[in-house]
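Here the structure is laid out as structure tokens; the discussion comes afterwards.
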Amino acid sequence: MALLEIRGLNVEYPTLSGIVRAVVDANLEVEGGEWVSIVGESGSGKSTLAYSITRLLPPPGRIRSGSILYRGVDLVKLPERELRKYRGPEIGMIFQDPMTSLDPVRTIGDQIAEALLEHGIAKDKAEAYSLAGDALEEVGIPRNRLKSYPHQLSGGQRQRVLIAGAVALNPRILIADEPTTALDVVVQAKIMDLLEELKEKHDMTIIFITHDIALAAERSTRIVVMYAGHIMEDAPAEQLVENPLHPYTQGLLNATPDLWSDKRIESIPGYPPDLRRPPPGCPFHPRCPRAWGLCRSEKPALLDLNGRRVACHLYRREGAGR
Amino acid sequence: MARIVGRPIGFSLAGMLRGRYPGKKMMLTGIFIILFIIMISILAPYISPYPPAQRSVPISQLGTPQPPSWKHPMGTNNLGYDMFSRILYGGRVILYVVALAAAISLGIGVPLGLVSGFYAGKLDRILSVTMDSIYAFPGIILAIAIASVLGPSPKNAAISLSVVYIPTYYRMVRGKTLEIKEMLFIEAAKSLGLPDRITLLRHVLPNVAPIILVVFGLGSTDAILTEAGLSFFGLTVTYPKPDWGLDLYMGKDYFLSGAWWLVFFPGLMITLLALGFALLGEGLAEKLEIRTER
Amino acid sequence: MRREIVVVEDLYKYFNVVKAGKRRVLKAVDGVSFKLRRGEILGLVGESGSGKTTVGRLVTRLLKPTRGRILFDGIDIAEMPEKRLRPLRRRFQMVFQDPYASLNPRMPIGKAIAEPLVVHGLAGWEEAKRRALELLEKVGLTPAEDFYNRLPSQLSGGQRQRAVIARAVILEPDFIVADEPVSMVDVSMRASILDLLVKLRRELGTAMLFITHDLAVAKMISDRIAVMYVGKIVEEAPSDELVAHPMHPYTRALITSVPSIAWRNRRRFPIKGDIADPTSLPMGCRYHPRCPLARDKCRREEPALAEARPGHLVACHYPVGEPLKPLR
């Protein structure tokens, strides 16, 4: 059994002008030890998918149907009080903007120690502080910084503090939502190194949300590409960037400039669909250069193709043959 | 998130009735109340059963207020005036005074707030201190003081109300201008070489306008109560002109002897009108807050 | 006609700030010089806090420099009062990063695009509208008639940025400062915006200062790239040369940190610590505390920007000799 198994997940945001279907029929399995990157542009549902796992959806988001099995336990059905035991010690999260996820008026030591006490990992305050200090050192911040306030740290350091706080609880899965997007490339590279190192050391599984397919390609074992709430393609990282199957993945790669390639980048024509009124058939068909009749009427299923998956009618025959 | 597609923000009546937005019920209720009161004030000569300041009861009943009856649904007062007719007429003064006061406050408070917020500097500091000191004064007392100096008349009442409410408009408009001024599109206007006058009128003002509407709604609520206070002290019109505030004053002496209707109906109307503006203001605030959020 | 449309010489911008209760001087731009020929695109690259955006705002005179010269077509605009500057402003324009904030939310975009023509007395509203419609067509906001009356809230991020660009070019400026114009636009739509800028440059001969933190984008669009580090340009070279042979240790670290699919297993050039504090810069070379190659001289003497190879300027006492990867 996979460590995490998302089945038929549907997430929506009711708004005054209609229901935004942010995640549609998502199926995804994550094995222990993987680094799965979920790649997509704004509105693709990548963050929504990740936030559903711990049910931390921003209001008015709600899970309409589906199940999320973590080691066999359905997190969707769990009462809030039970679920709280999973958030942190089992599944940790770090976010894009470390400033907003840290309390500006309390020391970072307080904030890390609090979580350790809350989850019973430390017996008393003294132990909590000592463990918090260890956690800081592990992410490359000296322990005397325990008494610092968030504003006294740089952006990169704040992200390290968040990582320290999450990893101190020793989670099996770490969900990282664009943790480097607000950071400069040099700092980004270092944070990525740190995540990689901690993943090995603590035997963690990482679910990494990003809009940057190049960043994902460098570090992940597997990449999941999302578009307009749908999983379009799911493949080992190497295969996905070397041999993308879905026209959207191909388009995304063609649109991504690369320092070390002289290819001309090209935009995908058109605009993403309005998720309150998604087009019939494949959500990508209005922008797809290879769309044909069936794409406009029937939504393609996510097909299994030798260890990778793709949701596209172009691969229908091969899919049916399996 | 999904592409944000909004509709143009307009204040057309049709648009307000059609759309679905927060605060709609409040706003429409408020507008309905205000329109209703304006209507009865306009139509008073045609719908009131008696002249508002003429005896409508037999001489024998003079001096004793008569309770509501079929002939006099809101009773009569000690002079035998029909209270229902007086109520229908009684909104005229308050509406006139409040409308005039709002116009003066808008006309002075808004431009001052815009200029003050946009240019900052010395002018801004002087204006801010002046306005704040007026603002800090209890409104009703200040209005009474000014109205007493100017002498009782609706126009003077409106002027004294304006003095009290200009700072409210000024402060809100200045605050919003300060906020808008920092936005990128104002800098963009500068980089395009737009003169300040055009930047202010075309780019700042339209973005400040919604807040002016909210202040108008909520400020007028306050102004109505203050106006009623002025009338109560005889600083707008003189008896026997029909006016809710004044009738409230005249009725209060009979309240203890059981003539509740002399106080109740004028009071109710003042409250209702104030409520109308309050609902309008709150509704607008709720609608616009959602609109400006992203 | 002068070959250079913009010449910036020894530009400084200091801000007085209060930090930890003390008055400090923040050296946002600390002696920057560069030239832009007509029709040329110079990429100005740096991390946040490098001062690149301040440079952009100085050359468009949204800020007044502390000292230095900004020659626009031979005229020094560095100290020019706003009144005299206003008529000149139509010749240089700025495109801001945030297309959501740089358009008046209550003005239809067509009117916003037409407005500069009217304000500068170059056309009446009728004529301006006609020109705006043409431009809407040109930047790909079609049907133009439909887009003319839309409010910014009815446009997507990419569409708004096109409108912002249309507004900037309606005056046919000689020079545009584009401050991170695609960083808030989705990847799949970036290329078309960049293509649009390149096309306008070709048609109008507009020079452009393209400010970005994204080296890959800079390399794609720029003829030359200048790399800034805390207020100073540390290296400047033709784009391909800069990427293939970064000589400054900072540029090298920056370039090898950029995620790349084409060269995934590259070795990153080492860099220590955090970006220097612009309120208390280190002695000597401002990069030396982070530099793996720093020696004594670096701690004492600040290196000047000098030509190390033809057309390749670098401010380093010990520039790196060998190319990063042979040019293909």
*In debye to the nearest 20, how big a dipole does region C:1-67 give about its Cα centre with +1 on each Lys and Arg Cβ and -1 on each Asp and Glu Cβ?*
300
*Of B:181/C:27; B:190/C:13; C:232/C:325; C:52/C:219; B:190/C:138; B:181/C:83, pairs whose Cα-Cα distance is over 23 Å*: B:181/C:27; C:232/C:325; B:190/C:138
*If you stretched the chain out fully between residue A:149 and residue A:62, how much longer would it get, using 0.36 nm times the residue separation minus the C-alpha to C-alpha distance?*
27.9 nm
*asked:* Could you tell me how far the Cα centroid of region C:225-298 sits from the Cα centroid of region B:24-79, in Å?
replied: 84
*For the modelled label position 7 Å from the Cα of residue A:74 along Cα-to-Cβ, which residues of region A:80-95 have backbone nitrogen atoms closer than 17 Å?*
A:80-83
_Average beta carbon contacts from partner chains per residue of C:85-92, 10 Å cutoff_ = 2
*asked:* Taking the Cα centre as origin and putting +1 on Lys and Arg beta-carbons and -1 on Asp and Glu beta-carbons, what dipole magnitude results for the protein assembly as shown, to the nearest 20 debye?
replied: 1440
*Any idea how far apart residue B:256 and residue A:238 come out in nm if each label point goes 7 Å out from Cα toward Cβ?*
9.9
*Of all DSSP beta bridges in chain C, antiparallel share, percent nearest 5*: 65
_Cut-off under 5 Å, modelled amide H: who pairs with residue A:76 long-range_ = A:68
*What list of ³J(HN,Hα) values in whole Hz, one per residue of region A:174-186 in order, does the Karplus curve 6.51 cos²θ - 1.76 cosθ + 1.60 (θ = phi - 60°) give from phi, with Gly and Pro shown as x?*
10, 9, 10, 9, 6, x, 10, 5, 7, 9, 6, 4, 5
*asked:* Between region B:215-231 and region A:65-107, what is the separation of their alpha carbon centroids in Å?
replied: 51
*Name the long-range amide H neighbours of residue C:93: under 5 Å, sequence gap of 5 or more, or other chain; modelled H, no Pro or chain starts.*
C:175, C:176, C:177
_Packing rank of A:300-310, C:148-158, C:220-230, where each peptide gets the mean count of other beta carbons within 10 Å, highest leading_ = C:220-230, C:148-158, A:300-310
*Got a sec to turn the phi values of region C:147-153 into Karplus ³J(HN,Hα) couplings, 6.51 cos²θ - 1.76 cosθ + 1.60 with θ = phi - 60°, whole Hz, x for Gly and Pro?*
5, 3, 9, 7, 8, x, 5
_Gain upon complete extension [residue C:301, residue C:268; 0.36 nm per residue less C-alpha separation]_ = 9.2 nm
*Value at 222 nm in deg cm²/dmol, rounded to 500, when DSSP H runs of n ≥ 4 in chain A each add -39,500 (n - 2.57)*: -9000 deg cm²/dmol
_Quick check: pseudo-label points 7 Å beyond the Cα along Cα→Cβ at residue C:75 and residue A:254, how many nm apart are they?_
4.6
*How well do other chains shield peptide C:150-163, expressed as the mean number of their Cβ atoms within 10 Å of each residue Cβ?*
3
*asked:* Please report the antiparallel percentage of DSSP beta bridges with both residues in the protein assembly as shown, rounded to the nearest 5.
replied: 60
*What's the average, rounded to a whole number, of partner chain beta-carbon atoms within 10 Å of each residue's beta-carbon in A:206-218?*
3
*asked:* Spelling out what I want: for every residue of region B:194-210, take phi, set θ = phi - 60°, compute 6.51 cos²θ - 1.76 cosθ + 1.60 (Karplus), and round to whole Hz; glycine and proline get x.
replied: 6, x, 4, 4, 5, 4, 5, 6, 9, 10, 8, 3, x, 8, 8, 3, x
*Quick one: work out the % antiparallel among DSSP beta bridges in region A:113-255, nearest 5.*
55
_Between region A:140-177 and region B:85-142, what is the separation of their alpha carbon centroids in Å?_
52
_Ranked C:232, C:52, criterion: other C-beta atoms within 10 Å, fewest first_ = C:232, C:52
*Pull up all non-local amide H partners of residue C:225: gap of 5 or more, or a different chain, and H-to-H distance under 5 Å with H placed in the peptide plane.*
C:43, C:237, C:239
*Neighbour-count ranking [beta-carbon atoms within 10 angstrom, fewest first] of A:295, C:291*: C:291, A:295
*region A:167-228: C-alpha gyration tensor shape, a/c 1.5 cut-off, then a/b vs b/c*: oblate
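None of the figures in this text is laboratory data; all of them are computed from the coordinates on show. This structure is a prediction, so every number in the text was calculated from the model and none was measured. Here the Cβ is made from the backbone with ideal geometry for all residues, glycine too, and neighbour counts use every protein chain on show.
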